[in-house]
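Chemist: Next up is a structure, given as structure tokens.
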Amino acid sequence: MTDLDRLLAWLPTVGLAPAPGTRLEALGGGIANRNELVMLTIGPAVLRRPPPGVLAAGASDMAREARVLTALAPQFALAPRLIAFCDDEAVLGTKFQLLEWRSGIAIGGALPAGIADGLPLVETTLGAMAALHALDPAHVGLGDLGKPEGFFARQLKGWTARAAAVWPEGLPAAATDLIAGLAAALPPDSGNAVLLHMDLKPDNLLVDAHTLAPGAMIDWDMATRGPRSFDLAVLLSYWIEPGDPDAVKSLLAVPSLTPGWPGRAAVAARYQAISGFDVGDLVWPLALARLRLAVAWMQLYRKWQRGEMHGSRYQGFEPLALAILAHAAGQFRKGAL
């Protein structure tokens with residue numbers, strides 16, 4: 001049986017039915033989780049599941065995402081509605097979800113043709129982030145999501161362990177130096193915990209192709225509670241500037257090299273203006289976010305090495321991960337963003 005056959009057999013168990021002639025149509029843009037369009041009698045839906053093969057600890061948590069969307073969708077317009085969740089891995093080999101399909105485009109490392117400067121996308125992204133952070137986690141039913149106490153210490157410990165897993169022969173020198181520096185300067189917990197998306201960049205927003213107004217915020221599998229500075233730091237970890245080393249410019253996750261776009265410091269200042277919150281010194285959170293990014297890219301590279309991921313794009317992820325680490329260590333030593 002194919003995945004489609006198995007899905008069609010499961011749908012009636014949750015009161016759903018396929019539209020005539022439905023098939024699984026891959027939705028582009030993502031580099032890890034699989035997203036496919038499937039037509040149901042109630043309308044289009046997105047079948048969302050992890051990538052094939054071995055998953056890193058805590059990665060692609062479909063159960064977490066399903067819980068978050070169930071709580072958020074009625075009160076946060078950008079959160080797609082959960083249609084159904086399946087925790088029986090016998091159906092498709094992994095847990096999976098069916099989500100409400102939303103129209104819009106996801107913009108990655110380059111602006112689409114016809115968009116002159118795309119600067120409204122910066123405002124859209126920061127406005128969406130500020131709107132998420134303004135929610136009261138307890139009010140939306142997520143007051144017990146994650147463990148915000150000791151957030152930075154726990155994140156550093158977790159990503160250090162994941163780094164050791166993807167470099168079993170020994171950590172690169174830049175990773176060793178960076179981890180030691182972060183551990184020696186661990187910031188204290190600060191302020192009230194907010195809802196964090198944990199990967200909120202433009203390609204995790206679906207926007208109108210003409211106005212760049214937001215229509216949906218997607219990819220919630222890492223959502224938790226913690227300091228708002230880390231969501232901003234994660235965005236800035238992808239935000240490459242013209243003066244950055246050439247070796248990191250192939251990241252191409254955000255169109256930040258577009259002429260006229262703001263740099264990282266300006267983006268941070270703009271978030272503070274929109275949200276009304278001073279996020280404080282971002283040097284430490286950004287260094288941690290870059291460590292996280294480098295390790296995540298190496299996780300995908302290892303999956304590609306094992307034959308679990310396909311496509312030439314992953315071949316360059318190892319040198320890019322090393323370049324991100326070197327950049328992170330250098331910026332952290334200088335106390336710079």
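The values are calculated or read from the model by the stated rules, or taken from the named source; none is laboratory data. The structure presented is a predicted model; accordingly, all values stated were derived computationally and were not measured. Quick reminder, even Gly has a Cβ in these numbers, built from the backbone with ideal geometry, and neighbours come from all protein chains shown. The accessibility values were calculated without ligands, DNA or RNA, using every heavy atom of the protein model including side chains. Shrake-Rupley method; radii C 1.70, N 1.55, O 1.52, S 1.80 Å.
Chemist: Which of the residues belonging to segment 53-68 are among the hydrophobic types (A, V, I, L, M, F, W, C), modelled with pLDDT of 95 or more and over 15 Å from the mean Cα position of the chain (by Cα)?
Modeler: The answer is Ala63, Ala66.
Chemist: Under 8 Å between Cβ atoms, which residue pairs at least 6 apart in sequence (or on different chains) link something in segment 163-176 that is in contact (Cβ under 8 Å) with a residue 60 or more places away in the chain with a partner that is charged (D, E, K, R)?
Modeler: These pairs meet every condition: Val166/Arg302.
For (1) free of Cβ contacts under 8 Å to residues at least 60 places away in the same chain; (2) of a type outside the set (Ser, Thr, Tyr); (3) closer than 22 Å to Ala71 by Cα, each residue gets a yes or a no:
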| site | (1), (2), (3) |
| --- | --- |
| Gln155 | no, yes, no |
| Pro202 | no, yes, no |
| Pro214 | no, yes, yes |
| Ile240 | yes, yes, no |
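Chemist: Moving to a separate point now. Farther than 21 Å from Leu196 by Cα, in contact with a helix residue (DSSP H, G or I) (Cβ under 6 Å, 6 or more places away or on another chain) and open to solvent by less than 20 Å² (accessible area, probe 1.4 Å) - does that describe any residue in segment 63-80?
Modeler: So far as segment 63-80 goes, no, none of its residues is farther than 21 Å from Leu196 by Cα, in contact with a helix residue (DSSP H, G or I) (Cβ under 6 Å, 6 or more places away or on another chain) and open to solvent by less than 20 Å² (accessible area, probe 1.4 Å).
Chemist: OK, next. Do we have any residue at all in segment 270-277 that's surrounded by 15 or more Cβ atoms within 10 Å (Cβ to Cβ) and under 14 Å from Trp239 (Cβ atoms)?
Modeler: Yes - at least one qualifying residue is present in segment 270-277.
Chemist: Six or more apart or on different chains, Cβ under 8 Å: which pairs go from a residue in segment 284-305 that's within 19 Å of Thr176 (Cβ to Cβ) to one that's open to solvent by 20 Å² or more (accessible area, probe 1.4 Å) and among the basic types (Lys, Arg)? Could you list them?
Modeler: Hits for this filter: Val295/Arg162; Gln299/Arg162.
Chemist: Name the one entry in Leu24, Leu37 that is in contact with a Pro (Cβ under 9 Å, 6 or more places away or on another chain), modelled with pLDDT of 95 or more and farther than 26 Å from Val140 by Cβ.
Modeler: Residue meeting the stated conditions: Leu37.
Chemist: Please determine, by comparing only the residues of segment 210-232 that are modelled with pLDDT of 95 or more and over 20 Å from Ala79 (Cβ atoms), which one is surrounded by the most Cβ atoms within 10 Å (Cβ to Cβ).
Modeler: Ser229
Chemist: While we're here: Within segment 251-283, can you find the residues that are in contact with a helix residue (DSSP H, G or I) (Cβ under 7 Å, 6 or more places away or on another chain) and closer than 21 Å to Ala328 by Cα?
Modeler: If the condition is that a residue be in contact with a helix residue (DSSP H, G or I) (Cβ under 7 Å, 6 or more places away or on another chain) and closer than 21 Å to Ala328 by Cα, then Leu251, Ala253, Val254, Pro262, Arg264, Val267, Ala268, Val279, Gly280, Leu282, Val283 are the ones that fit.
Chemist: Of the residues in segment 124-159, how many are touching a helix residue (DSSP H, G or I) at 6+ places or on another chain (Cβ under 8 Å), open to solvent by 40 Å² or more (accessible area, probe 1.4 Å) and over 17 Å from Asp231 (Cα atoms)?
Modeler: Qualifying residue count for the region: 1.
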